[in-house]
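The values are calculated or read from the model by the stated rules, or taken from the named source; none is laboratory data. These numbers were taken from a predicted model, which means no experiment stands behind them. Heads up, the Cβs are rebuilt from the backbone with ideal geometry, glycines too, and the neighbour counts pull from every protein chain shown.
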Amino acid sequence: MFGVSLMDPFRLTLAFGPVAMYLLLLGMINLSRRPLMVSGGRDAAALALAIMGMLIVGPFDLFLPEASVMHYGPKAWVMVLTFYGLCVAMGILMMHPRLVIYNISADKLRPILAEVVAGLDSDARWAGDSLVLPNLQVQLSVDNFRIMRNVSLKSVGGSQDLHGWRRLEQGLAVALSQETVSRNPRGLSLFFSGLLILSGLAMVISRDPQAITQSIFDLTETVLKMLNL
C-alpha cells in the first residue's frame, strides 16, 4: 500500500501534514489571549494523531510482514491501524489523572488554582509545588514548562478520585474562562513552523499533482472495495 519512494508526494503529505496541523494548532493556542485547559487524555490523543502519519510511512510500513499484506491485502493495514488505536486508547485509560493548561505561566496560574481549590476543599494544603485536597482525594504537583509557557497538574500518589479530579477540572475551567493573558511570542515559531511544512508539501505536490491524485484515487478505491460498495 505504501511501498513507494519516500519522496512520493502522498507519503510526504501523510507523514508531515498532521504534524503541520498540530504545530499550527499549538501556535494559535499560544497566540491567543486566553489560556486553554485540556485533560491529559485529550493532550495525548492529539499528539498520537499528529504522529500517526509518520508511523504509517515509517516503522509500520517498514516492519509490516509482506506475507500478511499478501494474504490479507489492504485489510492488513486496517488491523495495524486498529491495533494502534487500541494501544493509544489503552495508554490513555491507564494514564494517571493530569490537566494541561496552555498559554499561562505557573506564577499566574497558582493564585487562580488556590482560589478554586479553596472553594472546593477547605482542608486543602500546599507543600512547595505539591497540593493535597483530602476531601476530594486529589494529590497533584504543579509542573511548569517555562519554555513554552504551559503548566501541567500531575497526580502524585496512588489514591486518586476521578470524580474529585473532574470537579477540579470544572472549577478551574470556569476560573480560566475569565482570565486574559499576553500572547506567547513562542507561538509564532510554532505557527510558522507549521506553515513552513505545509508550504514545502505544497511545493512537492505542485511538481507532480497527478501522483497524489492517483494515490488518493487508489486509496479511495481500496477502501470502497473493503466496504464492498
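The table that follows gives values for the structure above.
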item: Failed condition for LEU81, given (1) surrounded by 18 or more Cβ atoms within 10 Å (Cβ to Cβ); (2) in contact with a Phe, Trp or Tyr (Cβ under 9 Å, 6 or more places away or on another chain); result: (1)
item: Pair list, Cβ under 6 Å, 6 or more apart: the stretch 75-99 residue closer than 12 Å to MET52 by Cα, other residue at pLDDT below 90 and surrounded by 17 or more Cβ atoms within 10 Å (Cβ to Cβ); result: VAL80/PHE60
item: Criterion violated by GLN170 - all others in (1) part of a loop (DSSP other than H, G, I, E, B); (2) surrounded by fewer than 17 Cβ atoms within 10 Å (Cβ to Cβ) satisfied; result: (1)
item: Meets criteria (of a type in the set (Lys, Arg) and within 26 Å of ASP161 (Cα to Cα)) for ARG34; result: no
item: GLU179 being surrounded by fewer than 18 Cβ atoms within 10 Å (Cβ to Cβ) and part of a helix (DSSP H, G or I); result: no
item: Residue in the stretch 156-163 that is closer than 21 Å to ILE104 by Cα, modelled with pLDDT under 90 and not in a helix (DSSP H, G or I) present; result: no
